[in-house]
Amino acid sequence: MPRTAAALIALAAWSGLAIQFDATLATTGSAGQALWVPLRFFTVLTNLTVALTFTASALGRRISPSWLGGVTLAIVLVGVVYMQLLRGLVELSGGALLADAILHKVVPVLVPLYWVALAPKGRLRWRDPAVWALFPLAYLGYALLRGSAEGRYAYPFIDVAKLGAAQVALNAVLIALGFAVAGLALVALDRRLQPDVAADQESDQR
């Protein structure tokens with residue numbers, strides 16, 4: 001069951017990425033640009049991580065609980081930020097609209113459902129959120145450098161040219177705090193959903 005569910009999630013993520021590539025290719029006319037342009041977005045990088053992780057899981061590779069927790073948190077961030085800050089900012093149609101729905105809505109729902117239902121519990125550590133935060137922090141540095149070089153930022157809330165460095169820093173801090181709180185909540189939920197070993201042993205003895 002876990003491998004089948006992982007395969008379905010991998011298929012959803014790869015499908016969304018492929019549709020996004022095709023839509024960008026139709027716009028740019030360049031395969032290189034169709035690969036490079038989407039890679040400015042945290043959404044695409046996170047869905048790519050989801051696709052690789054769940055493909056490996058579907059093929060029988062062991063995924064560490066910490067890694068799976070970090071991937072789950074990152075894709076949840078994708079969905080929450082999209083719903084709160086990005087939904088409706090750009091009018092989409094055709095393949096771009098379908099890719100938008102898969103990458104921002106479908107995958108960010110499937111992954112946490114998988115984690116709740118099928119991931120081993122009781123194995124996350126309180127220090128894990130600090131490790132998980134390295135991914136969005138690294139992305140922020142990359143996005144700011146790339147945006148400055150290209151003159152176009154991936155997201156409006158990190159657009160230094162329009163908002164100024166102070167506002168972008170504040171936005172980054174608020175998102176980082178939300179990510180940290182969500183990470184701690186995930187660890188707490190992991191502890192709460194941990195099987196009661198003592199109760200299980202007592203039940204086995206009866």
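Here are some notes:
- Protection proxy ranking of 148-158, 5-15, 127-137, 43-53 - average other beta-carbon atoms within 10 Å, highest first: 43-53, 5-15, 127-137, 148-158
- With all projection directions averaged, the alpha carbon convex hull of segment 83-200 covers 9.3 nm².
- Rg over Rh [alpha-carbon atoms, Kirkwood Rh] for the chain: 1.02
- Less than 5 angstrom separates the built amide H of L193 from none of the residues sequence-distant by 5 or more or on a different chain.
- Around the Cα centre of segment 33-148, unit charges on the Cβ atoms of Lys, Arg, Asp and Glu (plus for the first two, minus for the last two) sum to a dipole of about 420 debye.
- Only DSSP H runs of four or more residues enter the estimate; each adds -39500 (n - 2.57), and after division by the residues of the chain the mean residue ellipticity at 222 nm equals -23500 deg cm²/dmol.
- When the Cα convex hull of segment 22-116 is projected onto planes of every orientation, the mean area is 6.8 nm².
- Rounded to the nearest whole Hz, the Karplus-based 3J(HN,Hα) values (6.51 cos²θ - 1.76 cosθ + 1.60, θ = phi - 60°) of segment 169-185 follow the sequence 4, 5, 4, 5, 5, 5, 5, 4, 5, x, 5, 5, 4, 4, x, 5, 5, with x at glycine and proline.
A short reminder: the numbers here are calculations on the coordinates, not readings from a lab. Owing to the predicted nature of the structure, the values given are computational and were not obtained by experimental measurement. All Cβ positions, even for glycine, are placed from backbone atoms using ideal geometry, and neighbour counts span all protein chains on display.
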